[in-house]
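To keep things clear, I will list the structure first and then write my remarks on it.
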Amino acid sequence: MELVKTGAIVLDCAEPEELADFYKELLGAKECSDGTSSRMDIEAPGGLRIGFRRDLNATPPSWPRPEDSLQAHLDFFVDAEDLDAVERRIVALGGLPVEASGRSGGPTSSRQYADPSGHSFTVRSSVRQGPKTD
């Protein structure tokens with residue numbers, strides 16, 4: 001018997017509406033809940049669901065500083081060969097580049113960003129195989 005039918009990633013943030021708008025634009029997503037003053041939910045075309053929960057005491061993660069461990073981050077896979085175009089779109093939406101690896105291209109080209117609330121995410125030009133290397 002199936003116990004869990006679906007799930008969502010939930011990010012704590014000070015302004016759920018603003019962060020939901022960032023990810024709606026980035027992912028071409030739509031709101032999938034009625035939304036309240038304390039939570040918004042979106043769903044991307046591929047079925048990925050992300051919730052944004054208001055936490056007035058939320059502080060941005062400090063990753064990639066070595067004294068703090070990264071507890072979670074989002075990975076997005078893109079068909080675009082031109083990660084520069086993807087980066088321009090992310091920055092235009094309010095995201096910030098954090099660190100880059102594989103900028104010279106290749107099968108695992110990826111770039112790290114922070115969303116407007118400081119949560120980290122990675123954009124990859126292909127699905128990486130094998131252990132974490134970056």
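The values are calculated or read from the model by the stated rules, or taken from the named source; none is laboratory data. What you see is a predicted model; the values in this text were computed from it and never measured. Ideal geometry is used to build each Cβ from the backbone, glycine not excepted, and the neighbour counts take in all protein chains shown. Only protein heavy atoms, including side chains, enter the accessible area calculation; ligands, DNA and RNA are left aside. Shrake-Rupley method; radii C 1.70, N 1.55, O 1.52, S 1.80 Å.
Details
- Matching entry among Gly118, Gly35, Gly105, Gly130 (being at pLDDT below 70, within 20 Å of Glu15 (Cβ to Cβ) and assigned to a loop (DSSP other than H, G, I, E, B)): Gly35
- Condition met for Phe76 (modelled with pLDDT of 90 or more and open to solvent by less than 40 Å² (accessible area, probe 1.4 Å)): no
- Residue that is surrounded by the most Cβ atoms within 10 Å (Cβ to Cβ) [pool: residues in segment 79-90 that are closer than 14 Å to Leu27 by Cα and at pLDDT 85 or above]: Ile90
- Residue in segment 18-32 that is open to solvent by 60 Å² or more (accessible area, probe 1.4 Å) and modelled with pLDDT under 90 present: no
- Positions within segment 10-52 being touching a residue at least 60 places away in the same chain (Cβ under 8 Å) and over 15 Å from the mean Cα position of the chain (by Cα), in sequence order: Ala14, Glu15
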